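Enquirer: Provided herewith is a single structure, encoded as structure tokens, for subsequent inquiry.
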Amino acid sequence: MSERDDSIGECVESPAPIGVGGPHVPIIEDPEATPERAPRAPVATAPQEVVPLVEEPGGEPGGEPGEDPGGGQATIVPEQLREHARRYFGRVREHAEAPSPPPAADRVIDNILWGLAQPALGLRVLLREHELIGRAVVPVALFVIICGFVALAGEAEGLGGWIKSYYATLVAAAPLSPVIFTRSYAKLAAASRPYLGLDHHPPYLRSYWQAFVESIVQLIVLGVGVAPLVAIVTKLPLFGWIWGAVFGWAWLLHWIVVEALDSARTLAPGEEPKEVEQRWVTLHPPWYSGAVLAKLRFPLGTLLLPIRIWGAILAKLGRRWRGEVALVETRPWIAAGFGLGAAVLLAIPLVNLLFRPAVIVAASHVLGQLEPELPRPPRGADDNEPEA
């Protein structure tokens, strides 16, 4: 074998071209190279260096905060969701630390957060002020003791039987607490106003019989108020039962707010309870009687006649709470947040007896802050009842 044959396939390392970094690249020489067929120039590639992207403060690289470089809306990542949650929770905590005026009516999120924080504010003020905690705890303690004696007088045997009878008595008597504590809650609402930065008002005291009748009427309105609407909506295909549940819960939250505001009602200087009640009924009929007031042409008016009659009955039954319903209509988002916060405190059985005074203190603050926005009909105005 010749030297030429031995050289075939041998690799000769040559230095990399000038200006190209990195390790030496092996070059294979062509043994049959001629002047007409020159060997190919060695090709060497430098390692690619990855340059990290620098994120601009407050947004995506190369774009505005909250937008991607292509101009589209950036996808909200979990970190951004957590940031929103922290910011909203911070606002709720700020509103719950000290009394503050409500935000502007056009700021929906702020209205909801302000209303949501009010029950926590009421609980904070109640636990901080000794006068208020005494007014709240003493009636509840007496109520619990009386329920204990009632259970003791029963036929329960042993300690376990007495405990079961005791809790059954508490659960059965809990709905009567608004009637039993009606005057105590009225005095608590009036006494809490100075601690909330509001003017002093005398309490709105009503008789126990009046409180009992109003509780029965409110239970009727709450229980069957939206029953026809829920019955119709649940018959719809697909998601009818979901809409029925939504309407039912919204109606419940609405009356939780109305009842809390009613318990926190006070009298302006020089006012009497009967005078206030006579003026409240002159307000415009509530929103749920809108079908009664609508001027409907035939045949729609005839088809909706049962709903119109039902709305007129509800308006007649709920005339006692025209002022509170008008306040809910004026600030619906505050009412929504307040209803959710109050429902959380009042949904715990038995413990709601202790949380209810906190909700009343919170309602006193809401009512005091929104008093300038509450419609005030002139004295001596005529009654304005819708007719089907």
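Enquirer: Sticking with the crude label model, points 7 Å out along Cα→Cβ, report the distance from Arg87 to Glu371 in nm, one decimal please.
Expert: Each label point lies 7 Å from its Cα, and together they span 3.5 nm.
Enquirer: Here's another thing I want to ask about it. Exactly which GluC sites (Glu not before Pro) in segment 99-168 are in a DSSP loop and have at most 11 other Cβ atoms within 10 Å?
Expert: Those that pass, being in a loop and sparsely packed, are Glu155, Glu157.
Enquirer: Taking R0 as 35 Å, what FRET efficiency do you get between Asp199 and Ala347 from their Cβ-Cβ distance, rounded to the nearest 0.05?
Expert: Working: r = 33 Å, r/R0 = 0.94.
E between Asp199 and Ala347, to the nearest 0.05, is 0.60.
Enquirer: Another question, then. Just want the ordering: Phe89, Phe338, from fewest to most Cβ atoms lying within 10 Å of their own Cβ.
Expert: Ascending number of Cβ neighbours within 10 Å: Phe89, Phe338.
Enquirer: Follow-up question, since we're still on this one. Count charges around Leu222 for me, please; just the other residues with Cβ under 15 Å from its Cβ, Lys/Arg as +1, Asp/Glu as -1.
Expert: My count for the surroundings of Leu222 gives -3.
Enquirer: On full extension of the chain, what length is gained from Ala227 through Ile242, given 0.36 nm per residue of separation minus the C-alpha to C-alpha distance?
Expert: 3.9 nm
Enquirer: Something else: Counting other beta carbons within 10 Å of each Cβ, put Leu188, Leu142 in order, fewest first. Present the calculation step by step, with values, prior to reporting the outcome.
Expert: On the way: Leu188 24, Leu142 13.
Least to most surrounded, the residues fall as Leu142, Leu188.
Enquirer: Can you figure out the FRET efficiency of Val213 with Ile307, using R₀ = 35 Å and their beta-carbon distance, to the nearest 0.05?
Expert: Taking R0 as 35 Å, the efficiency between Val213 and Ile307 is 0.85.
Enquirer: Another question, if that's okay. Using R₀ = 51 Å, calculate the FRET efficiency as 1/(1 + (r/R₀)^6) where r is the Cβ-Cβ separation of Val108 and Trp162; round to 0.05.
Expert: On the way: r = 51 Å, r/R0 = 1.00.
Computed FRET efficiency for Val108 and Trp162 comes out at 0.50.
Enquirer: Kindly give the semi-axes, whole Å and largest first, of the ellipsoid equivalent to segment 189-272, taking each as the square root of 5 times a Cα gyration tensor eigenvalue. Show your work: numbers first, answer last.
Expert: On the way: eigenvalues 270, 50, 11 Å².
Ellipsoid half-lengths, sorted descending, are 37, 16, 8 Å.
Enquirer: Taking the number of other C-beta atoms within 10 Å as the exposure measure, put Trp114, Trp321 in order starting with the fewest.
Expert: Values: Trp114 27, Trp321 23.
Least crowded to most crowded, the residues run Trp321, Trp114.
The numbers here are math on the coordinates, done by the rules we state, and not lab data. It should be emphasised that the depicted structure is a prediction, and the values quoted were computed from it without experimental measurement. We place every Cβ from the backbone using ideal geometry, glycine too, and count neighbours over all the protein chains shown.
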